[in-house]
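Below you'll find the structure, written out as structure tokens, and then a few comments.
Taken together, the values in this text are just the output of simple stated rules run on the coordinates, not laboratory data. The structure displayed is predicted, hence computed values, not measured ones. Virtual Cβ from ideal backbone geometry, glycine too; neighbours counted across all protein chains shown.
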């Protein structure tokens, strides 16, 4: 059995716990939280909820730690910290900073006495969509690739808003622009900037004393998240937030249009998710299996989905996969 630990008891953490419970080759040993464990309702799949400080005492009890914090502020600190003690898997999703994040993880592992492996950025984008981009680019080198996200809730963008001083609750919906999607599907290879492909709509509950104009300005000018997009900000009450914005759907698509000789082609991969965090948690659990196997082979350091053999994320053995899926 692969012994799993989870860091973070938010939506992704709970989704990961469900995925581990559904895996016949995994056992959830503990969930670690920054909050008071006694104040939280414990999932039926795990009766061990511990503070962060307890993690260091369980180095020999956990094979892979799933990091389920946000990319804006949590993972830049938690990734290197936990990678120095455990094999880890995370869904770090600040695309522009992934090389920097990999360097920080590698430095932490190199400085530790435990040569762990860290599979980072292994959600659905980056992650599954990254693999599709690589696959489609390799098959159609003479082509153009476009990624669209939504309609749905972006956890990373929502988390980034919630980290603004004065914000109590926030959710951000990413909305593809239909004309841009159809232009790509037509095979005409349109040149599209990020802001021409998506809108970002935010619903924010702030403290009574907060400066709404300042919060809106901070959102719209946030690097890596909002500054390049048309962003709409709505300030609402807590009742409306919980009654209308408690679900977390998402999805998206990767399209590549290209040519081979005089023939044109369009490749498309899409997702429609009822629960973004549960789907992300399921991906993390699958890559925990890969981390366990790769660590057992003596590999170490920061890895991405590009470095993981696809068969390593499956519960099935190689011959079964060949027989059933090839």
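A few comments on the model shown:
- Beta bridge orientation in region 135-274: antiparallel %, DSSP, nearest 5: 85
- C-alpha center-to-center spacing [region 120-142, region 212-227] in angstrom: 29
- Sorting the segments 10-17, 165-172 by their residues' average number of neighbouring beta-carbon atoms within 10 angstrom, most packed first, yields 10-17, 165-172.
- Here the gap between residue 100 and residue 35, fully extended at 0.36 nm per residue and compared with their Cα-Cα distance, gives a gain of 20.5 nm.
- Percentage relative contact order, the chain, counting C-alpha pairs under 8 Å, at least six apart: 21
- Radius, Kirkwood style, for region 259-303 when every pair of distinct Cα atoms is counted (Å): 14.1
- Computed E for residue 221/residue 73 - FRET, C-beta separation, R0 22 angstrom, nearest 0.05: 0.80
- Region 135-274, Rg to Rh (Cα coordinates; Rh as Kirkwood inverse mean 1/r): 1.08
- For region 1-149, the Kirkwood hydrodynamic radius from C-alpha pairs, put into Stokes-Einstein at 10 °C and a viscosity of 1.306 mPa s, yields a diffusion coefficient of 97 µm² per second.
- In plain terms, the residue of 206, 68 with the fewest other Cβ atoms within 10 Å comes first and the most crowded comes last, giving 206, 68.
- For region 206-316, alpha-carbon Rg over 2.2 N^0.38 Å: 1.61
- Using the rule -39500 (n - 2.57) for each DSSP H run of four or more residues, divided by the residues of the chain, the 222 nm mean residue ellipticity is -10000 deg cm²/dmol.
- Among beta bridges that DSSP assigns inside the chain, antiparallel share in %, nearest 5: 50
- Burial order of peptide ranges 237-243, 249-255, 263-269, 19-25 (average beta-carbon count within 10 Å, highest first): 249-255, 19-25, 263-269, 237-243
- Using 0.36 nm per residue and subtracting the Cα-Cα separation, the extra length available between residue 318 and residue 178 on full extension is 46.3 nm.
- Normalised by 2.2 N^0.38 Å, where N is the number of residues, the C-alpha radius of gyration of the chain stands at 1.03.
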